[in-house]
1. Quick query: amide H of Leu2 versus all other amide H atoms, modeled in the peptide plane; which residues come in under 5 Å with a sequence gap of 5 or more or a different chain?
2. Just reorder Met20, Met1 by solvent-accessible area, largest first, 1.4 Å probe, all chains present.
3. Among rounded, prolate and oblate, which fits segment 4-46 when a ≥ b ≥ c are the square roots of the eigenvalues of its C-alpha gyration tensor, a/c under 1.5 means rounded, and a/b larger than b/c means prolate?
4. From the backbone phi of segment 15-27, what are the Karplus-calculated ³J(HN,Hα) couplings (6.51 cos²θ - 1.76 cosθ + 1.60, θ = phi - 60°) in whole Hz, Gly and Pro given as x?
5. Starting from the Cα gyration tensor of the chain, take the square roots of the eigenvalues, sort them a ≥ b ≥ c, and report rounded, prolate or oblate (rounded when a/c is under 1.5, otherwise prolate if a/b is larger than b/c, else oblate).
6. Per residue, how much accessible area does the chain have with a 1.4 Å probe, in Å²?
Amino acid sequence: MLLPEAIKLRIIELLDKNNMSAYKLSYKGGFSPSNISDVLRGKVTEPTVTTILHICEGSNISLKDFFDSKLFDEVEAVEKTRRSHKI
């Protein structure tokens, strides 16, 4: 799985687990609702660590906890995949 997809799925997991909307997560995390919307819609494929940290704050978890998911066990970087398609 590519990293952007894993991040998106992890956010969806956290929303479901905490029974909250993306808007509420952005409010609790102190960031713009458009940021999370862009990530979930795939408009932003590589969110910054700061954005992920805000998501963590809104979910009351640490950055370590965010990435402590099976979704990230076999994740690939976008660049690596693009290079392999050029060969």
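The values are calculated or read from the model by the stated rules, or taken from the named source; none is laboratory data. Predicted model, so just to flag it, every value in this text is computed and none were measured. We work out accessible area using only protein heavy atoms, side chains counted, and drop any ligands, DNA or RNA first. Shrake-Rupley method; radii C 1.70, N 1.55, O 1.52, S 1.80 Å.
1. The list, which skips near neighbours in sequence, is Glu76.
2. Greatest to least solvent exposure: Met1, Met20.
3. The shape class here is oblate.
4. 4, 5, 4, 8, 6, 9, 7, 4, 4, 5, 4, 5, 5
5. prolate
6. So the chain comes to 67 Å² accessible per residue, rounded to a whole number.
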